[in-house]
1. Which pairs have Cβ atoms under 6 Å, sit 6 or more apart or on different chains, and link a residue in segment 625-639 that is more than 19 Å from residue 675 (Cβ to Cβ) to one that is assigned to a loop (DSSP other than H, G, I, E, B)?
2. Might you check whether a residue that is modelled with pLDDT under 90, charged (D, E, K, R) and either surrounded by fewer than 15 Cβ atoms within 10 Å (Cβ to Cβ) or assigned by TED's automatic domain parsing to the domain that holds residue 617 (or both) occurs anywhere in segment 726-734?
3. If you check residue 806 against the conditions, is it of a type in the set (A, V, I, L, M), buried (at least 19 other Cβ atoms within 10 Å of the Cβ), farther than 15 Å from residue 322 by Cα and assigned by TED's automatic domain parsing to the domain that holds residue 491?
4. Mind checking which residues of segment 298-332 are crowded, with 21+ Cβ neighbours inside 10 Å, under 17 Å from residue 800 (Cβ atoms) and not hydroxyl-bearing (Ser, Thr, Tyr)?
5. Taking segment 343-356 as the region of interest, how many residues are surrounded by fewer than 20 Cβ atoms within 10 Å (Cβ to Cβ) and assigned to a helix (DSSP H, G or I)?
6. Could you grab me the full set of residues in segment 590-649 that are in a loop (DSSP other than H, G, I, E, B), within 28 Å of residue 570 (Cα to Cα) and aliphatic (A, V, I, L, M)?
7. I'd like the full set of residues that are buried (at least 23 other Cβ atoms within 10 Å of the Cβ) and among the small types (Gly, Ala, Ser), limited to segment 845-862.
8. Inspect all residues belonging to segment 543-564 and state whether any of them is among the aliphatic types (A, V, I, L, M) and more than 20 Å from residue 774 (Cβ to Cβ).
Amino acid sequence: MSKLYIYRSAAGSGKTYVLVKAYLQLALRAPLYFQRILAVTFTNRATQEMKQRILNSLHDIAQGKESLLTQELNQANGWDSKELQKRAQAVLSKVLHNYDHFSVGTIDSFLQSIVRNFSKELGIQHGFTIEMDQETILNYIIDDVINTANQDKQLHQWLVNFAENKLLAGKSWHFKQALKQLGYELFTENFGQQERLLIEAINNKHKLATFLAELETGRLEFENSLQKLGKEAMQQIEVSGLEISDFSYGQRGIAGYLMGVSEKKGFTPTQRALTALESIEAWYSKTNSKKLSIVSLVQNSLQDILKEIITYYQAGHHIYHTTLAVQQFIYAFGIITHLLASLRNLRAEKNIMLISDAANLLRQVIAENDTPFIYEKVGSFYNHFLIDEFQDISDFQWQNLKPLISNGLATGHMSLLVGDAKQSIYRWRGSKWQLLSNKLEKEFTATKSLVLEHNWRSKPSIVHFNNTFFTQASKNLASHLQQEINQLEDNSTLKQQLNEQLQEIANVYAHAYQHIPAPVQSSQDQGYVEANFLCEADLQEEKSSWKEQIKQRLPALLEELQKDGFRLQDIALLVRSHAEGREISQSLLSYQHSEHAKPGYKYSAVSAESLYLGKSPWINIIISALKYLEDEIDILAKTELVYLYQIYVCKKEQGISHELFQQNRVENDHNLLPTEFISEFYCLTKLPLYERIVKLVSIFQLNTTASKPFIYTFQDIVLTYLQQNPAEHYNFLKWWEEKGNKHALPHMEGEEAIPIMTIHQAKGLQFKVVIVPFCAWNLDHNTYKPPIIWCSTDKAPFSTFPSLPLRYHKGLQETVYAQAYYEERMQVYLDHFNLLYVTLTRAEERLYIFSQQPGKNKLDTTADLLYRTISRPPLKFNDNEDSNKYFLKWEHYWQNDNQKLVIGNPIASNQQQ
């Protein structure tokens, strides 16, 4: 049996080089042997990069160019330079003439090809199509479910509950968009593991109805039992002639707690109630004139009643809180089952398969067969499997690839996996970093594990910063999570399980330290790191948020970088969300066209999101105007039009106030819009669509330098639309809302602009200069968009279904699903810490971090973690004092007076040359 080689890499450690070398090592055995190698990664961009690297390397070797790669290939195989060149020429020729067999692609495309080739064996109808547009499918099945609600009372009630829940949470009552969030569960692997269960729920409505009735019975029994005891206590107080105010702390004390129990307003024992259980003195104040009456009543009855309340509560509160959590979200379970039923019908009617179906379908077939027959042909074709970014692989994908790798190893053919658990940032789409972290060696006996220890990407100051920060910050993070686990109620089994998982998480960063190669270590430019922490400040008698201050600083920083010889393409602005990217893009755009912009400097920034026409304020002015012209009583369209016009055309951002948008003022104050628009309103309504748009561009003065590219592209799209569709304005607006707004400006290659990217988009890339403008995202889930977690238990009645979907929230701590809550909490902390790792390891020469200065001693955001880690004396890294000297001493670089960290000296790019 051959070996499975596992390379654990880190940022900038040369993993692509390792993969290319391994591929060539195998391919150069014989001219057509490349057909026996499958190399997979996870994105089309990464696939193209790997293909290009392999082909370029083959070309260079075929041309006789000497390099470190040629030396290593010759040394490993005992070839000389001529033999290697001859082999490379032969392989390159065969690859170019048999390009269809050059198997370097995404893992999804590989699994889909298997499904296509074996559709008959998998029970899929001939002629099926793979549907890529999940959003279109979702819109269809959501509309179908809403229409079905007219004939299904239970579904109708669930949809009503869903809408009410949105309103109570202060969100829009228009819940179709929110239904999409539930619908996206259909495409996740977590859902795939529950699909058969939900199919059973669809087919057995009696089972669900019985379950709901049992929950309601249990809830009422718990509440009524406690209420009865509470009423008994209140009756005793009343009979004795006492009042709530006679007891210690009145409404906020022990008597207030008993009253709350009697009125079903709160059952959880307060700290004062727990104290009163042990101490009679806690029932009254020392100066209370009714002290003796209170003591007598407490000793005779209240103490016993309180004890019975707390004992009953503690015995059943986990079941009770679980019941509340399930009841509050059971509508999601019902809606998801109906969405699934609609999806299954759509699949059958249209003979389609979703892109997310392939891995799940193959997994089910493999699980039901001792021999994975669908792999017999494929397994005999590919001998070697090279998998990149292995930390991003999902459980389903791995279960589908594992038989192939096992077969290859058993027949004496090596395979290779490369990954970095610290860069696992796709858990939301099913990635399973634990496979790389500790499970591969358990699943395969013949493995060889190697670590890529050197950082070939970044200058020494950046590497030193990241070595020290992530080693220390990971300890701070683990310590914080450990404290939360220690505060759990006495449950040794749960604590032990959580501690084991926490240790597994901590091990991800146990070896975060990277070495610096000698050539990099001795270079003149040692790199530069700057971290700034800002708080709200008074600027020119106005409050300025930390984000506003950062946006005001950015132009000067860009000028400094250009002065030092960096081009705009050398600089990357990394953000957490598209919304932040738009905020930065619009800020730089406004500055570029202001009187403050300096001649000779450029401030252009571009992001994939900023190129979308639907995100352009100028296009949205036109769309809002079209909506208002179509329906004069559409006050929402007019309000949006006023806002966009005042902000982006009139530049009155500072003067905008809530009073401006009071309904009567928006309706009656015509000064808020161009005079020509008001005077020619009815003439505009008579114009054809294209002419109307041209007139609106003129009226709203949208032909500026910044807006022209968007306007011209929009007009071209409108003309194309009119060639294919009727000219009705309503139909165009409907089309725009559904599809048109997704059109984007064509991005010109080589255009001089700063790329603005989300961290997920920047993964795998590197830039000479990286600026992180808003390094302050939550470590936990966003409370406004909590995810669904699938929870299971053996506790009745919740064990009626193997799993139930629940919203992730802090209240789950009090339920039988506490373990699921804490596991998700630890995992999401790691996810967001990994995002920070990816962010801070993209820079080659300079790294600029801007963050919020925390106000309290907490650890809720990356800003808190950054500040706590680098503004305080460091933790001891390990017990070996000698090894500690390789880490930075923060106090040497921390400038406490201006809350800033500076490491290294910036050297101009032109000086380096």
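1. Hits for this filter: 627/634.
2. The answer is yes; a qualifying residue exists.
3. On the way: of a type in the set (A, V, I, L, M): yes; buried (at least 19 other Cβ atoms within 10 Å of the Cβ): yes; farther than 15 Å from residue 322 by Cα: no; assigned by TED's automatic domain parsing to the domain that holds residue 491: yes.
Here the answer is no, as residue 806 does not meet what is asked.
4. Scanning segment 298-332 gives 325, 326, 332.
5. Residues meeting the conditions: 7.
6. Narrowing segment 590-649 to residues in a loop (DSSP other than H, G, I, E, B): 593-604, 607-611, 616, 631-634.
With within 28 Å of residue 570 (Cα to Cα) added as a condition, the list becomes 593-604, 607-611, 616.
Within segment 590-649, 597, 608, 611 meet the criteria.
7. Selection gives 851 alone.
8. Within segment 543-564, not a single residue is among the aliphatic types (A, V, I, L, M) and more than 20 Å from residue 774 (Cβ to Cβ).
The values are calculated or read from the model by the stated rules, or taken from the named source; none is laboratory data. The model shown is predicted, which means the values in this text are computed figures rather than measured ones. Every residue, glycine as well, gets a Cβ built from its backbone with ideal geometry; the counts of neighbours run over all protein chains shown.
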